[in-house]
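What follows is a short report on a single structure.
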Amino acid sequence: MAVNDIALQKKAIKLVERKKLFNRYKSQKSLFFMIIPCMIITFIFSYWPLTGWIMAFQNFRPNKGYFKSTFVGFDQFKFLFQDRIFWQDFRNTLVMSVLNLVFGFVFAIGFALLLNEIRSLNFKRITQTASYLPHFLSWVIVCSLISNILSTYDGTLNNLLMWLGVIEKPILWLGEPNYFWWIVAFSNVWKEVGWNSIIYIAAMSAIDPQLYESCEIDGGNRYHKIWHITLPGIRPTIIVLLIMNIGWIMNAGFEIQYLLGRGLVMDVSETIDIFVLKYGITLGNYSLATASGMLKSVISIVLIAITNYISGRMDEESVF
Amino acid sequence: MTQIALKKNKIKLEPIIFYSINTTIMMLVMIVMIYPFWNTIAVSFNNSQDTLRGGITFWPRDFSLFNYETVFKNQLLVIASINSVLRTVISTVLGVFTSAMVGYVLSRPEFVWRKFVTRFFLLTMYVSAGLIPQYFLIRNLHMIGNFSVYILPGLISAFNIIVIRAYMQTLPSSLVEAAQIDGAGHFRIFMQIMLPVCKPVLATIALWCAVGAWNSWFDTFIYCFGKDNLTTLQYEMMKLISASMSSGTNKSADAVYGNMIVTDSVTPVSIRAAVTIVASVPILVVYPFLQKYFVNGVMIGAVKG
């Protein structure tokens, strides 16, 4: 009898809870109405394409579709790993990414430090506004500006260097493979340094002014303050951003390499994204292109997962 | 005595040296940031034959509006401008509205699916299928050569949602509760209370959406290839650069613009300068006024993202 009672009670509780849950859903009907259409759109455009990864394991022909194309297992990947061009593009991607990362950080932090020392608020604001300008220009326009500046015919850089007497005749900057990576790195610095410094300047303004005062009392000068207070003050920000950016290391950018990497510099300019575009859209080898794109995504996801895990743990540590 | 005087002198001297060096560096930074663009403005207003002589720096030497006249008389570039404006306006309005709506739902602590749905959107920031699967999806949806390809695929951005949600979570909860007691439904609370209150963050998101839509050319290149009525300004700009990159700067503009009224007095360099200005001024005019908003937006994004 007693056992039966308990079972009955449990059933009643379950029923009440189900009713409660049902009522919660009912009261939140409008929330569901608001979010479900957005979820459907996101599902279609972000998740559904993942089914296309099946192409990487097929010899995909568009007229046959996913179902009738022949499966080839990992053959596409095998071909990829033996392809010299793929490894070359892989290398280019990594090198340009690392250069962008290092230069991006050093210049953004340096700029933030110098800007932080400016006293006049107006001058500071004007400089900052000017430094954001390139961020809002598209890569297409930035590439056009770069090609003008680096042009052998009346290009500003060549003019300047010739005026200073550093060089005798104009250098074909964009035609020389040795320069390409540096051009990409400095273009990235130019475009994003102001934007990337926003976060550091914000972190600096959050540093307790009393720290600076006590440093002054201890006889510290400007450089002591920068080295012992400002830099340690923004260190958590730097570390978290650095770790997060390592997760994006497979993305070296696409537009500048695609738009400026012509002719002679092709061997050093092509990234994996361009490889995908060339094989997939131009040559119609969809399976190989999907395979390389998939490889890139998977590496990225793994890296991001690792870096997120690390930065998550560090965040916890910094709280204590 | 002399020592004290020296010390005083030192204290006064160091900041002066430092500030003058620092100010000089900042001035140089400013010049480096602005000059390429400034120079392009000067070239675009200069007579194009005169530009070929070289040496245009800060000001046009032989002022002329002819480059712009040529641009605005060109059918293709006019269509491109209209398409760019249309896609920017539509994707900004829809993008801000949907991100705000999702952000609102996810900021409601009582929402039953909150955790799952938050992850559902967050994951899209990290997972990308790649170009080819995306291309086939668009093809299977018959969106190739369709204006909707400019709006729908990038409509909902997880990053924007997170920024908006973070902003909404900082608002006092009494704001929503009071409205709920008055009997307002969620949609009404969202429309009449949340949207007006969140103006600062929405301005940031609107700027980001607009910049993204205005500056993109790759979707035109991939999905609307050869469709002249769907071309965009950035894509036309891309064609101009490609032409000049693959054959040096002296290639005639009519290889790209067969239908352009190319006269001897318009050169590719000048056309490119004029299109550059047309394709970037709309955003450059707006962003300084939104500066204080987007600085906050960047911080929220960096902290939460």
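For chain B, the spread of Cα coordinates along the three principal axes comes to 86, 72, 35 Å, biggest extent given first. As a rough footprinting exposure proxy, the listed residues A:Thr129, A:Thr290, B:Thr40 were ranked by other beta carbons within 10 Å of their own, and the order from fewest upward is A:Thr129, B:Thr40, A:Thr290. Express the relative contact order of chain B as a whole percentage, based on alpha carbon pairs under 8 Å and six or more residues apart in sequence. Answer for chain B is 29 percent. Estimated purely from DSSP H runs of n ≥ 4, each contributing -39500 (n - 2.57), the mean residue ellipticity at 222 nm for chain B is -21500 deg cm²/dmol once divided by its residues. Taking a ≥ b ≥ c as the square roots of the eigenvalues of the Cα gyration tensor, the range A:151-269 is classed as oblate, since a/c reaches at least 1.5 and a/b does not exceed b/c. In sequence order, the range A:292-309 has phi-based couplings of 5, x, 5, 4, 4, 4, 5, 4, 4, 4, 4, 4, 5, 4, 4, 5, 4, 4 Hz under the Karplus curve 6.51 cos²θ - 1.76 cosθ + 1.60, θ = phi - 60°, and Gly or Pro positions carry x.
Ellipticity at 222 nm from helices only: DSSP H runs of n ≥ 4 in chain A, each -39500 (n - 2.57), divided by the residue count, give -23000 deg cm²/dmol.
Within the protein assembly as shown, all pairs of alpha-carbon atoms sorted by distance into 10 Å bins from zero give the percentages 3, 13, 22, 25, 19, 11, 5, 2, 1, 0, 0. Distance from the Cα centroid of the range B:272-289 to that of the range B:64-117 is 17 Å (rounded to whole angstrom). In order along the range B:234-241, the phi-based Karplus estimate (6.51 cos²θ - 1.76 cosθ + 1.60, θ = phi - 60°) of 3J(HN,Hα) comes to 5, 5, 5, 4, 4, 4, 4, 5 Hz; Gly and Pro are listed as x.
Shape call for chain A from the C-alpha gyration tensor, a ≥ b ≥ c root eigenvalues: rounded (a/c under 1.5), prolate (a/b greater than b/c) or oblate? Oblate, since a/c reaches 1.5 and b/c is not below a/b. Do any GluC sites (Glu not before Pro) in the range A:123-219 lie in a DSSP loop with no more than 12 other beta carbon atoms within 10 Å, and if so, which? Within the range A:123-219, the qualifying GluC sites (Glu not before Pro) (loop, at most 12 other Cβ atoms within 10 Å) are A:Glu168.
Counting beta carbons within 10 Å around each of B:Phe37, A:Phe71, B:Phe72 and listing the fewest first gives the order A:Phe71, B:Phe72, B:Phe37. Taking amide hydrogens as placed 1.01 Å from N in the peptide plane, the amide H of A:Gln58 sits under 5 Å from those of A:Val72, each at least 5 positions away in sequence or on another chain. A simple rule links phi to the HN-Hα coupling: the Karplus curve 6.51 cos²θ - 1.76 cosθ + 1.60 with θ = phi - 60°, which for the range A:228-235 gives 9, 10, 5, 4, x, x, 9, 4 Hz, with x for Gly and Pro. Among B:Met143, B:Met237, A:Met162, sorting on how many other beta-carbon atoms sit within 10 Å of each Cβ, with the fewest leading, yields A:Met162, B:Met143, B:Met237. Return the whole-Å distance between the Cα centroid of the range B:177-197 and the Cα centroid of the range A:44-61. Result: 42 Å between the Cα centres.
Straight-line cross-link partners of A:Lys64 among the lysines, defined as a Cα under 27 Å from its Cα and at least 8 positions apart when in the same chain: A:Lys78, A:Lys278, A:Lys296, B:Lys227. So, counting K/R as plus one and D/E as minus one, what does the shell of residues with Cβ under 13 Å around A:Asn23 add up to? For residues surrounding A:Asn23, the net value is +4. Applying a threshold of 20 Å to the alpha-carbon distances of B:Lys73/B:Lys239; A:Lys29/B:Lys115; A:Lys191/A:Lys225 flags A:Lys191/A:Lys225 as lying beyond it.
The magnitude of the dipole of the protein assembly as shown, with charges of +1 and -1 set on the Cβ of Lys/Arg and Asp/Glu and taken from the Cα centre, is near 1840 debye.
Distant-in-sequence amide contacts of B:Asn46, defined by a placed amide H-H separation under 5 Å and a gap of 5 or more residues or a different chain, comprise B:Ser64.
Where a number appears in this text, it was derived from the coordinates with a stated rule and is not lab data. Small disclaimer: the values here were computed from a predicted structure and weren't measured. Note that we place each Cβ from the backbone using ideal geometry, even for glycine, and neighbour counts take in every protein chain shown.
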